[in-house]
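Quick notes on the structure that follows.
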Amino acid sequence: MFKINENYLKLPGSYLFSTIGKKVSAFQAAHPEKSIIRLGIGDVTQPLAPAIIEALHSAVEEMGHAETFHGYAPDLGYEFLRNAIAKNDYADRGCDIAADEIFVSDGAKCDSGNIQEIFGLDNKIAVCDPVYPVYVDSNVMAGRTGIYDPSTEMWSDVIYMPCRAENNFAPELPEETPDLIYLCFPNNPTGSTITKEQLQEWVDYANKVGAVIIYDAAYEAYISEENVPHTIFECQGARTCAIELKSFSKNAGFTGTRLGYTVIPKDLKCGDVALHSLWARRHGTKYNGAPYIVQKAGEAVYSETGKAQLRQQVAYYMNNAKTILDGLAEAGYTVSGGVNAPYIWLKTPDKMSSWQFFDYLLENAGVVGTPGSGFGPSGEGYFRLTAFGSYENSVAALERIKKL
Ligand code: MLT
């Protein structure tokens, strides 16, 4: 008789964004006349930039001819894309990352869920609280997180690093020593950042205690301030303690196209074993790479025209962020984020819980956001709005919220 992976049964509820999707669909079905503005999930709304569309068209054309047809992509991804990443995202920033340390994939979400597979089940993970749910959920599925306590909404074997207003939503070094540390900056969900010096402290700490930092740089394109690091590899010593995850979803609109990459430096070792070789072995077997046409589209992201077009898209979303941030502040809300990240993090008014505010906003303003408590217990009493909507919808949502 077959057995299931019982770890899945330990997961409370459904995936945060699925829960929200179901609630919004039910509300819309009950109130078909109401117009709803969706500023919940961090999904982009601007179309793919013309340089990317052009690259897609031409790659599709290539696939239609025997001489230029492409079958399976190489395990690590095509060299043309890995070289473009190595140059633009690392060498141009003075970081020492070689093209063969870059693994192209079908998105950072998959990689952030899958990367835990190369680590033993007895590793203890540390996460920011609140946190992007995929890091914890994927470790629950693997059986690494112990027992869930519904009263605290915490797992017994997870080290939570609270990120609250008191610490500017930036985690402090944990008292208990972790083996794997998940960090994401600019942060999802709070939109906070840390300086290069602060990140260096994490790198020094990880090297000292023998931990690995899994660094999610998905929102890097939104950094507007000096001294906020674009990659963990700007820090000395990161090559021996860090893995970096990167997405094409948020900077280039690939949420539906799917493309990302993971960097594992060859110096990152457990004894004699390079983690690079384990991830390469996994890519060989459980390939989650991207099709040729998508990798060609990814290459266009780094063309001069592509870069200019994408700077405009990022500026468009950041103008939304500023509009929402300033508007809510004027209306008396306590807000943060939105300066180096496309997320605005606000304190719920009148001591409402995060889910109470979710319902209140949906029912009275027709605006969908994400309850902060969905990202972890320290998110209770907070709420996230995304800047990834259209400008018109961002303004309209703001107006509706102001009238409440
Ligand atoms: C979010 O809204 O937090 C993310 O966009 C969801 C995701 O990337 O999976």
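Can we say SER25 is free of Cβ contacts under 8 Å to residues at least 60 places away in the same chain and within 16 Å of the ligand (Cβ to nearest atom)?
Numbers: free of Cβ contacts under 8 Å to residues at least 60 places away in the same chain: yes; within 16 Å of the ligand (Cβ to nearest atom): no.
No, not satisfied.
So which residues in the stretch 77-126 are assigned to a helix (DSSP H, G or I), surrounded by 21 or more Cβ atoms within 10 Å (Cβ to Cβ) and not small (Gly, Ala, Ser), if there are any at all?
LEU81, ARG82, ILE85, ASP89, TYR90, GLU101, ASP111, ILE115
Given the structure, is VAL228 under 24 Å from GLY260 (Cα atoms), over 18 Å from the mean Cα position of the chain (by Cα) and either within 16 Å of the ligand (Cβ to nearest atom) or of a type outside the set (Ser, Thr, Tyr) (or both)? Even if it seems obvious, please write down each step before you answer.
Numbers: under 24 Å from GLY260 (Cα atoms): yes; over 18 Å from the mean Cα position of the chain (by Cα): no; either within 16 Å of the ligand (Cβ to nearest atom) or of a type outside the set (Ser, Thr, Tyr) (or both): yes.
No: the conditions fail for VAL228.
So, ASP149, is that one of a type outside the set (Lys, Arg) and in contact (Cβ under 8 Å) with a residue 24 or more places away in the chain or not? If you could, list the steps in order and put the result at the bottom.
Numbers: of a type outside the set (Lys, Arg): yes; in contact (Cβ under 8 Å) with a residue 24 or more places away in the chain: no.
No; evaluated as a whole, the condition is false for this residue.
Could you tell me which of the residues TYR292, TYR317 is surrounded by 15 or more Cβ atoms within 10 Å (Cβ to Cβ) and outside the structural domain of ALA211 (by TED's automatic domain parsing)? Steps first, please.
Details: TYR292 fails: outside the structural domain of ALA211 (by TED's automatic domain parsing).
So the residue among TYR292, TYR317 that is surrounded by 15 or more Cβ atoms within 10 Å (Cβ to Cβ) and outside the structural domain of ALA211 (by TED's automatic domain parsing) is TYR317.
Across the stretch 2-46, what is the number of residues that are aliphatic (A, V, I, L, M) and over 28 Å from the mean Cα position of the chain (by Cα)? Spell out how you get there, then give the answer.
Filtering the stretch 2-46 for residues aliphatic (A, V, I, L, M) gives 4, 9, 11, 16, 20, 24, 26, 29-30, 36-37, 39, 41, 44.
When the remaining residues are screened for being over 28 Å from the mean Cα position of the chain (by Cα), the result is 4, 29-30.
Final tally of qualifying residues: 3.
Suppose we filter the stretch 254-305 for residues that are outside any loop (DSSP other than H, G, I, E, B), among the polar types (S, T, N, Q) and at pLDDT 95 or above; how many remain?
Start the filter on the stretch 254-305 by keeping residues that are outside any loop (DSSP other than H, G, I, E, B), which leaves 260-263, 269-270, 273-285, 292-301, 304-305.
So of that shortlist, the ones also among the polar types (S, T, N, Q) come out as 262, 277, 285, 295, 305.
Subsequent filtering for residues that are at pLDDT 95 or above retains 262, 277, 295, 305.
Qualifying residue count, the stretch 254-305: 4.
Please go through the stretch 338-378 and give me each residue that is in a strand (DSSP E or B) and either within 15 Å of the ligand (Cβ to nearest atom) or among the basic types (Lys, Arg) (or both), ordered by number. Write out each step before concluding.
Within the stretch 338-378, the first condition is being in a strand (DSSP E or B), and the residues that meet it are 343-347, 367-368, 370-371.
Result: TYR343, ILE344, TRP345, LYS347, VAL368, THR370, PRO371.
With the checklist (1) touching a residue at least 60 places away in the same chain (Cβ under 8 Å); (2) over 18 Å from VAL301 (Cβ atoms); (3) not acidic (Asp, Glu) in hand, flag the one item TYR78 doesn't pass.
The single condition TYR78 does not satisfy is (2).
For the stretch 213-220, state whether one or more residues are modelled with pLDDT of 95 or more, buried (at least 24 other Cβ atoms within 10 Å of the Cβ), within 14 Å of the ligand (Cβ to nearest atom) and acidic (Asp, Glu).
Checking the stretch 213-220: at least one residue is modelled with pLDDT of 95 or more, buried (at least 24 other Cβ atoms within 10 Å of the Cβ), within 14 Å of the ligand (Cβ to nearest atom) and acidic (Asp, Glu).
Could you please let me know if GLU62 is surrounded by fewer than 16 Cβ atoms within 10 Å (Cβ to Cβ) and closer than 24 Å to SER390 by Cβ? Please lay out each step first, then the result.
Details: surrounded by fewer than 16 Cβ atoms within 10 Å (Cβ to Cβ): yes; closer than 24 Å to SER390 by Cβ: no.
In short, no.
Within the group HIS70, HIS65, HIS57, which residue is over 15 Å from LYS246 (Cβ atoms) and in contact (Cβ under 8 Å) with a residue 40 or more places away in the chain?
Details: HIS65 fails: in contact (Cβ under 8 Å) with a residue 40 or more places away in the chain; HIS57 fails: in contact (Cβ under 8 Å) with a residue 40 or more places away in the chain.
Exactly one residue qualifies, and that residue is HIS70.
Filter the stretch 170-194 for residues that are in a loop (DSSP other than H, G, I, E, B) and touching a Phe, Trp or Tyr at 6+ places or on another chain (Cβ under 7 Å) and give the result. Full working, then the answer.
Here is the first cut: in the stretch 170-194, the residues in a loop (DSSP other than H, G, I, E, B) are 170-179, 185-194.
Hits for the stretch 170-194 are LEU173, PRO186, ASN187, ASN188, PRO189, THR190, GLY191, SER192, THR193, ILE194.
All but one of (1) assigned to a helix (DSSP H, G or I); (2) surrounded by 16 or more Cβ atoms within 10 Å (Cβ to Cβ) hold for PHE388; which doesn't?
(1)
Consider LEU39 carefully, then state whether it is within 16 Å of the ligand (Cβ to nearest atom), crowded, with 17+ Cβ neighbours inside 10 Å and under 26 Å from VAL314 (Cα atoms).
Working: within 16 Å of the ligand (Cβ to nearest atom): yes; crowded, with 17+ Cβ neighbours inside 10 Å: yes; under 26 Å from VAL314 (Cα atoms): yes.
Yes, satisfied.
Taking the stretch 141-169, which residues are more than 17 Å from ILE214 (Cβ to Cβ), assigned to a strand (DSSP E or B) and not aromatic (Phe, Trp, Tyr)?
Hits for the stretch 141-169 are ASP149, MET154, PRO162.
Could you please tell me which pairs satisfy a Cβ distance under 7 Å, a separation of 6+ or placement on different chains, a first residue in the stretch 92-110 that is closer than 9 Å to THR262 by Cβ, and a second residue that is away from the ligand (no atom under 16 Å from the Cβ) and charged (D, E, K, R)?
ILE102/ARG82; VAL104/ARG82
The values are calculated or read from the model by the stated rules, or taken from the named source; none is laboratory data. Worth saying up front: this structure is predicted, and the values here are computed from it rather than measured. A quick note on method: Cβ atoms are made from the backbone with ideal geometry, for glycine too, and the neighbour counts reach across all protein chains shown.
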